[in-house]
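What follows is one structure encoded as structure tokens, with my remarks underneath.
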Amino acid sequence: MIKKLRQKFIAIAMSSVIVVLTLIMGAVNIANYININERSEHTLKILEENDGEFPFDEFPQKGKRYGKDREMSPETPFETRYFTVRMDKNGKVSAIDTGRIFAVSTSTAQEYAETLFSENKTKGFIESYKYTRIDSGNDGYMYIFIDCDRELSTFRSFLLASIGISLGGILLVFILVVIFSKIAVRPVAESYEKQKRFITDASHEIKTPLAIIDANTEVIEMINGENEWSESIRNQVKRLSSLTEKLVFLSRMDEEKYVMAMEEFSFSEAVSDTVQPFITLAQSRDKTLTTDIEENIVIKANESSVRQLVSLLLDNAVKYTNDGGKIEVRLQSKGKYRVLTVFNTVDDIQKGRLDFLFERFYRLDSSRNSETGGHGIGLSVAKAIAESNNGKISAQSADGKSICFTFTV
């Protein structure tokens with residue numbers, strides 16, 4: 001249990017770190033890309049509004065506005081590498097200006113423009129060039145291309161660096177969390193160990209008085225004969241003995257070093273044998289128990305504990321099935337899994353998954369539990385047995401009037 005708690009602590013801590021880092025790095029890189037896109041868009045607008053040229057004086061002024069009140073740095077015309085391609089309405093190239101860029105030849109510029117015209121694209125990126133198309137009326141179109149390779153290269157470098165740093169940070173945090181998780185769960189581990197020790201010690205201490213009470217009751221019955229009071233004492237002794245045995249069993253199952261002996265056995269026979277006594281018990285309580293058990297199902301598990309699990313599920317079903325209700329036990333193969341289901345009707349229950357029923361000492365109706373003799377620990381034992389045999393157990397209600405327990409192994 002402590003091992004699982006520590007693993008869950010590590011998983012939650014690492015998930016939180018990964019989510020936060022992903023959000024931060026994602027936001028930073030997205031903002032960086034949006035900034036690059038807005039700057040290039042701003043420059044394109046200036047060129048678009050000035051027929052593919054930068055409108056600067058011999059001595060450009062910082063902050064001066066051009067076109068539709070657009071500011072432009074005096075260095076922008078010298079820093080921007082761009083080229084233009086003019087075309088008629090039919091897509092035939094009429095003029096190419098590559099004088100402000102060295103990396104693009106006229107043939108490449110023509111190829112870019114013809115490709116975009118054929119695909120009827122007016123704005124976006126082609127390779128590392130951001131472009132826009134201007135409709136010049138009867139004169140045709142003009143494509144303006146700005147070289148964003150330097151900005152995009154910086155963006156990619158920053159993106160890769162941020163990913164690398166994030167992965168390194170996640171690894172470092174993982175190492176620290178693994179180291180400190182042991183310290184974080186230590187108080188819980190110590191408390192849990194004390195609890196297990198108390199349960200074990202208390203169980204041993206209780207067994208002796210119970211044995212004495214049972215023996216004294218037997219002597220009283222031999223002298224005075226059986227009566228309702230002696231019978232009540234015996235029933236309460238059995239109930240308390242059952243509770244202490246289950247508590248000790250759960251304590252033992254919680255130990256990480258505890259390993260059950262596994263062997264192959266007939267699951268079909270184990271279920272059939274366990275069901276038989278409960279058929280008569282159900283009939284005596286005006287309840288119907290039916291079975292559908294597939295033959296020759298063999299599993300590798302601890303046979304005695306699996307039989308105990310089946311008995312616990314059936315005991316629970318017989319106790320809590322409504323008067324005149326029905327119980328159905330089904331065992332079948334589903335691919336590589338073997339599935340045991342115990343279905344029973346009830347008066348009223350919450351719909352959906354009911355896995356909280358496996359919590360220790362949980363009771364849906366404490367008054368009814370006192371009548372049936374349960375103490376809210378049987379299903380906890382069933383869950384512990386299922387997990388120790390590398391299986392899973394669940395509970396759910398489809399209609400609020402029935403409940404189905406499923407054991408998969």
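The values are calculated or read from the model by the stated rules, or taken from the named source; none is laboratory data. Every value quoted in this text rests on a predicted model; they were computed, and no experiment measured them. Please note: Cβ atoms are built from the backbone with ideal geometry, for glycine as well, and neighbour counts cover all protein chains shown.
Can Gln283 be described as without any contact (Cβ under 8 Å) to a residue 24 or more places away in the chain and not in a loop (DSSP other than H, G, I, E, B)? For Gln283, the condition - without any contact (Cβ under 8 Å) to a residue 24 or more places away in the chain and not in a loop (DSSP other than H, G, I, E, B) - is met. Assess whether Phe198 counts as being touching a residue at least 24 places away in the same chain (Cβ under 8 Å), in a helix (DSSP H, G or I) and among the aromatic types (Phe, Trp, Tyr). Taking the combined requirement at face value, the residue does not satisfy it. Number of residues in segment 301-352 that are touching a residue at least 24 places away in the same chain (Cβ under 8 Å) and on the phi > 0 side of the Ramachandran plot equals 2. Figure legend. Inter-residue proximity from segment 70-99: first residues closer than 17 Å to Glu151 by Cα and of a type in the set (D, E, K, R), second residues modelled with pLDDT of 90 or more and part of a strand (DSSP E or B), beta-carbon distance below 7 Å, spacing 6+ or different chains. Indicated pairs: Arg81/Asp147.
Being of a type in the set (A, V, I, L, M, F, W, C) and under 22 Å from Gly140 (Cα atoms) is the filter here; which residues of segment 80-105 pass it? The answer is Phe83, Val85, Met87, Val93, Ala95, Ile96.
Restricting segment 260-281 to residues that are exposed (fewer than 13 other Cβ atoms within 10 Å of the Cβ) and under 37 Å from the mean Cα position of the chain (by Cα) leaves a set whose member that is modelled with the lowest pLDDT is Ala261. The residue pairs whose first member lies in segment 2-14 and is among the basic types (Lys, Arg), whose second member is surrounded by 11 or more Cβ atoms within 10 Å (Cβ to Cβ) and part of a helix (DSSP H, G or I), and whose beta carbons are closer than 8 Å, counting only pairs six or more residues apart or on different chains, are Arg6/Ser181; Arg6/Lys182. Taking strands (runs of 3 or more DSSP E) as the structural unit, those lying wholly within segment 98-184 and holding at least 2 residues that are farther than 30 Å from Ala27 by Cβ correspond to 129-135, 141-147. Output yes when any residue across segment 16-27 is surrounded by 15 or more Cβ atoms within 10 Å (Cβ to Cβ) and modelled with pLDDT under 90, and no when none is. No - not one qualifying residue is present in segment 16-27. When each of Ser232, Ser284 is tested for being surrounded by 11 or more Cβ atoms within 10 Å (Cβ to Cβ), at pLDDT 80 or above and within 30 Å of Gly324 (Cα to Cα), the lone residue that passes is Ser232. Within segment 222-237, the set of residues being among the charged types (D, E, K, R) and assigned to a helix (DSSP H, G or I) comprises Glu228, Glu231, Arg234.
If the condition is being touching a helix residue (DSSP H, G or I) at 6+ places or on another chain (Cβ under 8 Å), of a type in the set (Ser, Thr, Tyr) and over 30 Å from Val20 (Cβ atoms), then segment 161-220 contributes Tyr192, Thr200, Ser203, Thr217.
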